[in-house]
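Let me begin by presenting the structure, written as structure tokens, before commenting on it.
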Amino acid sequence: MSEYRTKKAVALQYNRDQQYAPKVSAKGKGLVASTIIERAKKNNIPLLEDVTLVELLSDLNINETIPEELYQAVAEVFSFIYRIDQSIQADKKD
């Protein structure tokens with residue numbers, strides 16, 4: 001089976017001033033998933049591979065807010081991103 005047929009990706013968006021919870025901003029599998037991943041890399045957006053979370057999030061529609069059951073898992077993703085951002089900022093100061 002081709003890599004494009006098995007790969008899945010979900011992009012989340014969150015603006016704490018405008019939203020009460022993150023929402024799905026893009027999702028896809030195969031070539032669409034690869035495109036999402038490549039665009040994220042091109043725009044220096046952190047990536048986290050979590051097959052289980054992607055499976056759960058891929059059941060949601062685009063622009064759908066994540067359900068409360070996924071808050072903890074998604075909070076861990078945002079914590080990961082925050083740590084990366086902090087590390088990048090520290091490197092820039094050095």
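The values are calculated or read from the model by the stated rules, or taken from the named source; none is laboratory data. All values reported here derive from a predicted model rather than from experimental measurement. Here the Cβ positions follow ideal geometry from the backbone for every residue, glycine too, while neighbour counts run over all protein chains shown. Remember, those area values only see protein heavy atoms, side chains included, never the ligands or the DNA or RNA. Shrake-Rupley method; radii C 1.70, N 1.55, O 1.52, S 1.80 Å.
For this structure, a couple of remarks:
- Cα point-scatterer Debye curve for the stretch 1-74, base-10 log of I(q)/I(0) at q = 0.15, 0.17, 0.21, 0.28 Å⁻¹: -0.50, -0.64, -0.95, -1.42
- Estimated FRET transfer efficiency when R0 is 25 angstrom, pair ILE84-ASN61 (beta carbons, to 0.05): 0.35
- Going by accessible surface with a 1.4 Å probe and the largest first, LEU12, LEU53, LEU47 read LEU47, LEU12, LEU53.
- For the stretch 22-94, with +1 on Lys and Arg beta carbons and -1 on Asp and Glu, the positive-most of ILE62, ILE81, ASN44 along the dipole: ASN44
- With contributions of -39500 (n - 2.57) from each DSSP H run of at least four residues, the per-residue ellipticity at 222 nm computed over the chain stands at -15000 deg cm²/dmol.
- Accessible surface of the chain, 1.4 Å probe, proportion on carbon and sulfur as whole %: 49
- Extended-chain gain in nm, criterion 0.36 nm per residue less alpha-carbon gap, ASN44 and LYS92: 15.8 nm
- Accessible area per residue in Å² at 1.4 Å probe, computed on the chain: 77
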